[in-house]
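Take a look at the structure below.
The values are calculated or read from the model by the stated rules, or taken from the named source; none is laboratory data. Because the structure is a prediction, the values reported are computed rather than measured. When we count neighbours, we look across all protein chains shown, and the Cβ atoms used for this are built from the backbone with ideal geometry, even at glycine.
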Amino acid sequence: MPELDEVRELLSGSLINYFNCERLIEILKETEKDTKNFFGSYSSQRMKDWLEVIRLYQVDNVYLADAAQQLIRAVNYEIPSMKRQINKNRQLQEESVSKEESYLKSSTDVRSQFERECHKLGIKGSQVKSELLALLKELPEVFDSVANSLVEVKPAVEFYRAFVNFTLGQDLPDTEFLPLLHYMQTKGNTTTYEWRTGRVPDVIAELRSYSPVTVEPASDDQIDFGDLGGDEATSLGSTSQSNGDFVHLDQIDFGTEVDDNISWDISVQDDGSGNEAVGNGGSSGSDEGGANVARGIDALSVLHNPTTREMFLNELREIECFLTQRLEEMSTEGDVVLVSIMQRATENIQRQTTDSVRAMVERVEAMLGLLTGHKMIHLYQLHSSPKYVDRLVEQLEHKLYLADKYIQSRDAVISLREEARLDKARLIPQLEMIVNKAKILRGQIEKEISNKYKGRPVRLTGINF
């Protein structure tokens, strides 16, 4: 075939109709005119082939049926299909914009939740597990701070005690009135062993229930718990206050004067109750060679021990409830009976005002908040359960995983939108070309039918492009 653009265009379609063949013959008449002989026929085989195609088309007007079939196929199937695909791509582009914003917002929200949780826990979030375990160093500091702050709630305790004694008409002993709070105000945050037995432990053998954290070397008075054996004692000491984590080492004075050697002979004395002071350490504590040994739960400080800590918190809540109720009563005026009763109260009760009681409530609530905050609850669990560390890490890291998944989903939506845009850009020119060809084909069919009816006007209706 001749190397002409029009020829290539006519032959580029998947279906070639009668009218394409007619146009090709017209082109060949120009390009193959040298092959025309004296009788008006062409010696070119190419020309002969296309003339034969035209002849076969004209038999029984097959060319009209073929052209009509192509027009119907274009109008009923090809054009609607392309329009649907273009509309689908357009809709996909519009939906992808909202999905992209939704995925980005979800990713931002989840990451913000992660950052808020890390902020509540006091960690950066870069290395979650190691940072969480490192937080355990703060427990002794918090407990020491609480023990030192007990002096601030002492007026509230005295006010509550005076009110109870006035109401009952008798003085309650220390063992019956907030015993643990009174004990800690007197001796501080000692070991549970000392609180339970009343004796200072000579040996504290604490075993950790979680893996120790590798941190920077601390001062010499701290013990590396990673080298402990199953039943080995951490140290020998006479310190009465231990935070349950770090045992400060002191020399033991056993009451003997020696030059170079320590005498391990312990004098046994009667404690006044008929029992020997040594050798009655209970289930958690024990005596080894006459020494008071605090083991297991007894080796923890009072605030570190879950049982005694809950007891301490309950006593603080008891004071809080009393002060809140008393503040409500003092704010209510006109209760003649109550005023009459309070006139017989002690000076400590009568001199309290609403402002002073409100200040007491605030101090007690501050101490409760320090021990029951979001971060402290997690620290208690971290200290008592290694599995809780893994669960908390998994929860936090799952938020990061979700944030990354949302970002990946957003990237996938962007990619799909770009594919839809390219597909639409490819289909629109094809649709225009098919519509134009269908219009031309309709005109050609109308013209052919008109010629068969002596030029009568013919219009094909019902065709929607």
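For this structure, a couple of remarks:
- Only one of 154, 99 that is farther than 30 Å from residue 398 by Cα, of a type in the set (Lys, Arg), out of contact with any Cys (no Cβ under 7 Å at 6 or more places or on another chain) and modelled with pLDDT of 90 or more: 154
- Residue match in region 329-352 (condition: within 54 Å of the chain's Cα centre (by Cα), loosely packed, with under 15 Cβ neighbours inside 10 Å, acidic (Asp, Glu) and at pLDDT 90 or above): no
- Each residue in region 345-379 was checked for being part of a helix (DSSP H, G or I), among the basic types (Lys, Arg) and more than 17 Å from residue 137 (Cα to Cα), and 2 of them qualify.
- Scanning region 357-391 for residues that are of a type in the set (S, T, N, Q) and free of Cβ contacts under 8 Å to residues at least 24 places away in the same chain returns a single hit, 381.
- Per this entry, residue 298 is not counted among residues that are charged (D, E, K, R) and at pLDDT below 85.
- Consider region 26-50 and keep the residues that are in a helix (DSSP H, G or I), surrounded by 16 or more Cβ atoms within 10 Å (Cβ to Cβ) and not aromatic (Phe, Trp, Tyr). The one that is modelled with the lowest pLDDT is 31.
- Close pairs (7 angstrom Cβ cut-off, 6 or more residues apart or separate chains): over 15 Å from residue 319 (Cα atoms) in region 157-175, modelled with pLDDT under 80 and among the aliphatic types (A, V, I, L, M) anywhere: 166/345
- Residue-level analysis places residue 318 among those that are within 18 Å of residue 165 (Cα to Cα), of a type in the set (D, E, K, R), at pLDDT 85 or above and assigned to a helix (DSSP H, G or I).
- Matching option when the condition is assigned to a helix (DSSP H, G or I), touching an Asp or Glu at 6+ places or on another chain (Cβ under 7 Å) and buried (at least 17 other Cβ atoms within 10 Å of the Cβ), among 396, 431, 441, 382: 396
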